[in-house]
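Data block below; observations after.
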Amino acid sequence: MMKSLVCTAPGYFEFREDALPDAGADMARIRLRRVGICGTDLHAFEGTQPFFSYPRILGHELSGELIDAGGAEGFEPGALVTIMPYFSCGTCIACRMGKPNCCTDIKVFGVHIDGGMREEIAVPAGSLLHGQGLNADELALVEPLAIGAHGVRRAGVQPGEYVLVTGAGPIGLGTMELARIAGAHVIALDINADRLRFCKEKLGVHAVVNGTDADAVEQVKAITNGDFPTVVIDATGNLRAINNGIQYLAHGGRYVLIGLQKEAFSFSHPEFHKRESTVMSSRNAVKADFEHVIQNMKQGSIRPQTYITHTVAFDEVPAQFESWLNPATGVIKAMVHF
């Protein structure tokens with residue numbers, strides 16, 4: 001038997017005893033070492049996460065010790081690994097186009113199916129990723145950074161471009177890092193002064209703007225020498241921020257929505273049209289994004305420990321979880337230890 005932590009309904013957790021996972025054919029077994037807490041988990045706890053039903057075991061940013069590779073080649077028992085937590089059908093139109101990240105029947109670990117907040121898991125062997133010498137904390141941060149890498153790749157960011165990232169949460173911070181690595185001049189936009197200070201001091205972004213400033217649009221214009229950013233990426237999942245994002249976009253620019261919320265978004269058609277704007281979503285990530293992040297971690301271009309502000313033992317998660325919804329705690333990334 002093993003211990004699992006279940007979100008039974010918005011605002012409620014309970015521990016339960018479950019049978020060890022039955023790996024079955026082509027399934028790998030992993031003993032958990034770390035689970036990172038992300039916005040998806042927090043929104044699920046709040047009851048504001050789309051595509052979600054209860055009860056659910058949360059957690060999809062993880063690392064662990066491989067027990068059985070399920071037939072995957074090149075993996076040894078005992079090795080530290082992480083996973084791509086998006087399980088796709090392999091046959092739908094998206095999968096056939098090489099976009100398993102938006103499979104029509106996708107099962108995201110910890111969202112559509114039970115996730116990693118338990119002592120052992122069984123996952124498709126094809127989802128395994130080699131640890132490549134990274135430690136347990138670093139490997140648990142690969143997935144959220146891959147989300148940012150995918151958004152930057154969707155935007156087609158080029159060296160020298162101005163890229164505005166709205167939202168300095170973990171996904172936004174990772175997006176800023178990957179945009180910087182792509183050679184962009186990164187502007188961070190948020191309403192939290194502490195987060196903006198973090199962007200400037202820890203990530204070394206080109207500029208920061210507080211979205212509550214009455215002249216925020218003029219500040220962005222000035223930073224970009226009157227041109228405005230050719231790429232705006234939303235990582236807030238906030239309806240008002242999404243609707244307002246178009247005002248920061250250069251003519252001919254690309255607007256990429258990584259953040260997700262439940263409502264319909266809208267903005268002025270004339271403002272959208274006169275820019276000949278391109279608007280696109282960015283969902284999950286693909287293997288190339290994970291590999292890009294891992295290589296940049298190994299090279300030191302990304303410093304994962306920058307993000308981890310809180311650590312907690314698995315048994316203490318229910319007592320601590322709700323506090324991470326409060327910006328006053330200063331949490332950027334909480335990491336669960338097993």
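Annotation: Ala319 fulfils all but one of (1) more than 30 Å from Leu128 (Cα to Cα); (2) assigned by TED's automatic domain parsing to the domain that holds Phe198; (3) modelled with pLDDT of 95 or more; the unmet one is (2).
Rundown of residues vs (1) in a loop (DSSP other than H, G, I, E, B); (2) of a type outside the set (Lys, Arg); (3) under 27 Å from Glu201 (Cβ atoms), yes/no style:
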{"site": "Tyr255", "(1), (2), (3)": "no, yes, no"}
{"site": "Lys262", "(1), (2), (3)": "yes, no, no"}
{"site": "Phe265", "(1), (2), (3)": "yes, yes, no"}
{"site": "Glu291", "(1), (2), (3)": "no, yes, no"}
{"site": "Lys298", "(1), (2), (3)": "no, no, yes"}
{"site": "Ser323", "(1), (2), (3)": "no, yes, yes"}
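With respect to the conditions (1) modelled with pLDDT under 95; (2) assigned to a loop (DSSP other than H, G, I, E, B); (3) polar (S, T, N, Q), Thr91 lacks only one, and its number is (1).
Once the range 38-57 is narrowed to residues that are among the hydroxyl-bearing types (Ser, Thr, Tyr) and more than 17 Å from Val336 (Cα to Cα), the residue that is surrounded by the fewest Cβ atoms within 10 Å (Cβ to Cβ) is Ser53. Answer yes or no as to whether His130 is at pLDDT 95 or above and over 26 Å from Ala19 (Cα atoms). Yes.
Applying the condition of being surrounded by fewer than 24 Cβ atoms within 10 Å (Cβ to Cβ) and among the acidic types (Asp, Glu) to the range 187-220 and asking which residue is farthest from Leu257 (Cα to Cα) yields Glu201. State whether the residues of the range 273-286 include one that is surrounded by 16 or more Cβ atoms within 10 Å (Cβ to Cβ), in a loop (DSSP other than H, G, I, E, B), on the phi > 0 side of the Ramachandran plot and modelled with pLDDT of 95 or more. Yes: one or more hits.
Among the residues of the range 165-186, is any exposed (fewer than 15 other Cβ atoms within 10 Å of the Cβ), more than 19 Å from the chain's Cα centre (by Cα) and in a helix (DSSP H, G or I)? Spell out how you get there, then give the answer.
Pass one, the range 165-186, residues exposed (fewer than 15 other Cβ atoms within 10 Å of the Cβ): 183.
Pick out the ones that are also more than 19 Å from the chain's Cα centre (by Cα) and you get 183.
With in a helix (DSSP H, G or I) added as a condition, the list becomes none.
No: the range 165-186 contains no residue that is exposed (fewer than 15 other Cβ atoms within 10 Å of the Cβ), more than 19 Å from the chain's Cα centre (by Cα) and in a helix (DSSP H, G or I).
Is there a residue in the range 167-188 that is hydroxyl-bearing (Ser, Thr, Tyr) and over 18 Å from Tyr307 (Cβ atoms)? No, the range 167-188 contains no residue that is hydroxyl-bearing (Ser, Thr, Tyr) and over 18 Å from Tyr307 (Cβ atoms). Taken together, the residues in the range 44-75 that are more than 16 Å from Arg33 (Cβ to Cβ) and assigned to a loop (DSSP other than H, G, I, E, B) amount to 17. Tell me, please, whether a residue that is among the charged types (D, E, K, R) and in contact with a Pro (Cβ under 7 Å, 6 or more places away or on another chain) can be found in the range 42-54. Yes, the range 42-54 has at least one match.
The values are calculated or read from the model by the stated rules, or taken from the named source; none is laboratory data. Model, not experiment: these values are computed from the prediction. Neighbour counts are summed over all protein chains in view; Cβ atoms, including those assigned to glycine, are modelled from backbone coordinates with ideal geometry.
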